[in-house]
1. May I ask you to verify whether A:T315 is outside the structural domain of A:S245 (by TED's automatic domain parsing) and not in a helix (DSSP H, G or I)?
2. Give me the residue from region B:222-256 that is out of contact with any strand residue (DSSP E or B) (no Cβ under 7 Å at 6 or more places or on another chain), of a type in the set (K, R) and modelled with pLDDT under 85 and, out of that set, farthest from B:V189 (Cα to Cα).
3. Hey, any hits in region A:469-483 for a residue that's open to solvent by 70 Å² or more (accessible area, probe 1.4 Å), in contact with a helix residue (DSSP H, G or I) (Cβ under 8 Å, 6 or more places away or on another chain), within 25 Å of A:N435 (Cβ to Cβ) and touching a residue at least 24 places away in the same chain (Cβ under 8 Å)?
4. Looking at (1) in contact with a Pro (Cβ under 8 Å, 6 or more places away or on another chain); (2) part of a helix (DSSP H, G or I), can you tell me which one B:C147 breaks?
5. Just give me the residues in region A:400-456 being in contact with a strand residue (DSSP E or B) (Cβ under 7 Å, 6 or more places away or on another chain) and assigned to a helix (DSSP H, G or I), in sequence order.
6. Taking the conditions exactly as written (in a helix (DSSP H, G or I), at pLDDT below 90 and open to solvent by 70 Å² or more (accessible area, probe 1.4 Å)), does B:T459 satisfy them or not?
7. Does B:K157 meet the test of being under 30 Å from B:N402 (Cβ atoms) and open to solvent by 30 Å² or more (accessible area, probe 1.4 Å)?
8. When only residues in region B:14-51 that are over 28 Å from B:F131 (Cβ atoms) and more than 9 Å from chain A (Cβ to nearest Cβ) count, which is least open to solvent (accessible area, probe 1.4 Å)?
Number of protein chains: 2
Amino acid sequence: MESHAGIFHTLPLGERVQKKLENLIDKYMSQLGASKVSLSSISSQALWQQTNRLEGYGQELFRFTDRKDVPYILAPTHEEEITTLVAKTIKSYRSLPLRLYQIGRKYRDEIRPRHGVLRSREFVMKDLYTFDYSLQSALKTYEEARCAYNRLFDELKLPYLVAEASSGDIGGDLSHEYHLPSPIGEDIVISCTECSYVANEELASARPIPPQDHYSTESNNAQAQVWRGISKDRKTLVNVWYPASFSDRDINTHALKSVLPGLDSSLENAIPLWQSALNSSSQRPRLLNIIDYRLGQHFATSLKNESSQFPMFPTQTPVELSQLDAQYITSSTSGEPFNTIHIHDGDHCPRCTSGKLRTQKAIELGHTFHLGTKYSDALDARVQVPSTMIEDGQVISTKSDNITSVSMQMGCHGIGVSRIIGAVANHLADERGLNWPRAIAPFEVVVIPGRNMEDDATTVSRSLTEASGIFAPIDLALDDRSESFPWKLKDADLVGYPVIVVLGRKWTSDRLCEVQCRRLDHTEFVPVDQLREHINKLLSQL
Amino acid sequence: MESHAGIFHTLPLGERVQKKLENLIDKYMSQLGASKVSLSSISSQALWQQTNRLEGYGQELFRFTDRKDVPYILAPTHEEEITTLVAKTIKSYRSLPLRLYQIGRKYRDEIRPRHGVLRSREFVMKDLYTFDYSLQSALKTYEEARCAYNRLFDELKLPYLVAEASSGDIGGDLSHEYHLPSPIGEDIVISCTECSYVANEELASARPIPPQDHYSTESNNAQAQVWRGISKDRKTLVNVWYPASFSDRDINTHALKSVLPGLDSSLENAIPLWQSALNSSSQRPRLLNIIDYRLGQHFATSLKNESSQFPMFPTQTPVELSQLDAQYITSSTSGEPFNTIHIHDGDHCPRCTSGKLRTQKAIELGHTFHLGTKYSDALDARVQVPSTMIEDGQVISTKSDNITSVSMQMGCHGIGVSRIIGAVANHLADERGLNWPRAIAPFEVVVIPGRNMEDDATTVSRSLTEASGIFAPIDLALDDRSESFPWKLKDADLVGYPVIVVLGRKWTSDRLCEVQCRRLDHTEFVPVDQLREHINKLLSQL
C-alpha cells in the first residue's frame, strides 16, 4: 500500500510472498557458497566521491546531513560499502573467492515513480558481490552466478529471457539481464526466432543486409534524410544520414553512442546549440557524419563532395565546411556496416543465418555484472598473491620476490525482489485476481469451509499441514474468518492462492473436497485420503 | 563492523544470529495472532506534525527532502505510519483486535552513539502495534503481549528484569520495560530483595522512613542544603531542600518532574537564567520550594518564615519574596512524604514491609506500552461499533441510534533486536570469546576435525544434521577451512558456539569425539552413537 509518493508499506500477504522469495534466493545463494550480510542503508557521500559516482547519480540520490553536518546518502546500491568492508578485512588470496550477498532496502529518488513496486523510490533488492584474485577465477564465478540465476528463475516458472546487456554506469564489460516480457516493461529485449540470441536493445544489433539496387544508384540519393544531434560538450555536431523510408524515431541512439559516447540523446534542437558553441569556442568545431549502410558507399562518396545536394548544416550558419574537422563514418567500431536504425521485428539475427529478430517490451528482474577492478582500484581493495599465481597484466606492485599485491576482481549480481513481486503479480493476474507461482505464493493452498463445516475443515487442514511419509507439509491457510462463504471464494481468487480446497455440498453428501486451480483450469472432487497427493500433483505444475 | 560513526554492517555470523532472533520473535508474535508487515523507513514530516512529535524529537531525526522539496524523515518509530495505514483499511470493530508487527531498521541521530550496536544510529527493532475497540479489550491485549514477551525472554535464558516504567514521550499510561542487568547499562532498575517489586528508576519510589530525631529538631536545620533548578520556560525557580548528608548528585530529578513536568534537568546554573527572565517577563515570577521529607515538617514551617536562615534566592537578586508566587511542597502528588533523593541500595521497598531495594545498571531490551487513543485521536483512526458494545467514556460520535464511531485503543510493544544481540554478546562473553545462548547462536554446534580427519568429520556432521527419530536436526557448522587445528579451536571459542565437537587424538585411537561446552565447564569423550543425545542434553541447558 502506497504511504507516500512512490513509497510503500508491505501488508501481511505481501510480506509472506517476500519472505518466500527471500528464502528461495537464500537457497540458491547458499548453493553458490555465498554468505549473507546486511549493510547499512546509510552511506557517506565522501565514499561515493572516491569512486566518482556521487555526481553521476545526481538527483536520484536521497541526500542528507547528520547533526554534525556530515553528508550522507541513502544507498541505491552497495559497491562502495562492500568494497571498503572487504578491503578492511580480506588480505590474502587464500580467503578468496569470497561471495557476499544481502537482501535489503535500497533508495532512488525516481523522477517518475510508477507501476507500484515496479519502479518505487524505496525497494528491496538482493545484491551479491563476488571477489576473486584473478580474472580467470572471476569469470568462473560469473558463470556460476549466472547458472544459479537460471535455476532460481526456472523455479519461479516464469517465461524469462536472459539478454546480453551493456553495463551502463556500474562499470565492467560483461553483463546479462533477466527479463520478464510485459507490455508495461520499460526495457526492450531483442531475441532471435531461431537461435539463442537475446540482447537488450542497447547492445543488440541486426545483421546488415547488403543495400538493394535502388539505394546504390545516384538517383536514389534523394531518398536519404538527416537527423542532427550534438555532443554533451556542444563541440560536435552529428549528422546521421539514413533512408527516407524511416523516421526520426527509428534512429538508434545507443548505436550512435558506440562511436560518440558523449552524444546528448535527450536533445532535439542540435543546430542552435552548436551555433552558439561555435561563437564561444576557439577550438576547431567537429562535424561527425554517420552514414547508414542502407544508403550505400556511393552515397558516402557523394556526401564528401562539397557540391553535394545534402547540406552538412543549415546554409545560414556562419561557418565554412573547410573550417570544420569533418569526419565520415560508414562502419561500426567492429568494422561492420553501420546500422543507424532501431531493430524492428523481422530484422536479421546477427548470430544465425536464417533467424529473424523479435522485439519485446520487458521488465528487468535481475542483472549480472563482471565489474573487474573498477571499485577495487578506486578503494584500494587488494590481496597478497604469490607471484607465481599471477596472470599477465594483473600485477599492481611487487612487495617481494614472492608476494604480489593485486586489486581484487569483482562481480555484482542483483535481483529486484520487490520488482519480481510486482512483475509476477502483473504477469499472472487475470480478471479474477492474482495468481502466484507456487514458489512464492503467500500460502500454497487455502481451505474454505462452508457453513457449519469449520470443524471438519480444521481436521482436513491439519492432515495436510503435518508431514506424512514422503510428503512434505503443505503451506496452508484455513479461512476461518467470519465472512460469508461466497465472499471467501471471491477473496481467495483475488489473493491468488495456487490451489483452493472447498468443503461444500459434496462434502456433506459424499465427504468429497472440491479442489480448484484457476491457472490450470482445473476443478475436481477428491476424497480426503487422496487429497494430499492430488494437491501435490497440481502444485508441481505451478 | 562500524562503517560510519554509529552505523554498522552486519557480517555473516551476526546475520545468522539476527535471523535466529527474528525467527524466535516470529514464533511468539505468531502465538499472539500478530501478522507481519513491513513499513517504509521513510516517513513524511507532515504526518509527524499531525501528532506533534516532529519538534519533540528535534535533532534526533534524520531529515531530508526529495527532489520536489517534500520533507521526509527516516523513521525512528512507526506509530504515525501504522495508525494511518490502519485508519485507511479498518472500518469495523469486527476486524478487531488487530495485531501487526514488523522487524526492521529504525533511525536515530544519537548525539553520542556508543557501545557498538547497543546505541547506534541505525538499528533493528521489532515493533508490534495493537488495535482494539475498547479499553477492556486493549488491556487484555496488553497482558497477552506481556506474557508473550516473558516467554520469549525465558527462551533466551537471560536473567532479565521486568520493570514498571514511565512511558515518556510515546504517551500512554501503562508500561513495562525488559532489562538485562549490565555494568554498561544506561538505565537504572530498582528491585526489591524480598517481593516482586521492580521498577525503572524514573518511576520507582522508596518507602519514606519517618525522620529520625536529629532531623526534626530546629537545631538540625543547619544540616539542610539547597539544590536550585529552573523550568524550561525560565519562569519558575525550583529550590530543593534536602539533608546535607547527601550531595547534589543524589537529587532525583525524575521525582521533581512529577510536581514540575517542565523542569529543565539538563541545567546547572539556574539563578542567572531566572534573573534574566525576571527582567524580561511581566508575569509574576514563581518560586517552588520542594522539601525533602527527611528534613521534617518543622523545617518546612521555619522555611516559610521570611526570617529563615535559608535564603530563597541569592540576596543580591533584585526581587522581594513578597513579589513572588512562592509555593511549598512537602508531599508527592499521591500524598506521600516527598523524597527528593535518588533511591540507594538498602532503601525500603514501597510494596512490602521487610524488603530492601537494590539498584542495578541495566540495558533496556524491550518495552511494552498501552497507548490508549493518543495516536488514533490525532490521526482519526476510528471504527464503527454497535452502541450496545461501548463502555463509558469511549463514545466519540453517534452516527445513528445503533452504530457509534470510536477511536481505536492502541498498544505498542518494542524489542531492540540489535540491542539484544549487543547485550547478550556483552553479558555472556568471557576472556576467551562470545558465548551465545542456544536460541540465537549462529550455529548450535561446530565440528572441528584434526589433520586428515576431514572426511570422518563430514560423516559425523552429516549424522547430526539429519533428522533422526525424535531428534530434530542439529544446526551445525563444519570448520573445513584451511587454517591450523589450534587456530580453529581458538576461533570457535571467539565465535562462541554453544557446543564444540573435536575429532582429535581420541578419535584416531578410540573413535571418541571430544565434546566441549565452555559455559557449562564441560568436556567429555563421547562415542558417535551417543553423540546426538549427549549434545541435545547440553543444548537444552544453554
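1. Values: outside the structural domain of A:S245 (by TED's automatic domain parsing): no; not in a helix (DSSP H, G or I): yes.
Taking the combined requirement at face value, the residue does not satisfy it.
2. B:R234
3. Restricting attention to region A:469-483, the residues satisfying the condition of being open to solvent by 70 Å² or more (accessible area, probe 1.4 Å) are A:469-470, A:473, A:480-483.
From what is left, the residues that are in contact with a helix residue (DSSP H, G or I) (Cβ under 8 Å, 6 or more places away or on another chain) are A:473, A:480-483.
Of the ones still in play, those that are also within 25 Å of A:N435 (Cβ to Cβ) are A:473, A:480-481, A:483.
Filter again for touching a residue at least 24 places away in the same chain (Cβ under 8 Å), leaving A:480.
Within region A:469-483, one or more residues are open to solvent by 70 Å² or more (accessible area, probe 1.4 Å), in contact with a helix residue (DSSP H, G or I) (Cβ under 8 Å, 6 or more places away or on another chain), within 25 Å of A:N435 (Cβ to Cβ) and touching a residue at least 24 places away in the same chain (Cβ under 8 Å).
4. Of everything listed in (1) in contact with a Pro (Cβ under 8 Å, 6 or more places away or on another chain); (2) part of a helix (DSSP H, G or I), B:C147 misses just condition (1).
5. A:V417, A:S418, A:R419, A:I420, A:A423, A:H427, A:D456
6. Working: in a helix (DSSP H, G or I): yes; at pLDDT below 90: no; open to solvent by 70 Å² or more (accessible area, probe 1.4 Å): yes.
No: the conditions fail for B:T459.
7. Working: under 30 Å from B:N402 (Cβ atoms): no; open to solvent by 30 Å² or more (accessible area, probe 1.4 Å): yes.
Taking the combined requirement at face value, the residue does not satisfy it.
8. Selected residue: B:V17.
The values are calculated or read from the model by the stated rules, or taken from the named source; none is laboratory data. Please read all numbers here as calculations on a predicted model, not as lab measurements. Backbone-built Cβ (ideal geometry, glycine too); neighbour counts: all protein chains shown. The accessibility values were calculated without ligands, DNA or RNA, using every heavy atom of the protein model including side chains. Shrake-Rupley method; radii C 1.70, N 1.55, O 1.52, S 1.80 Å.
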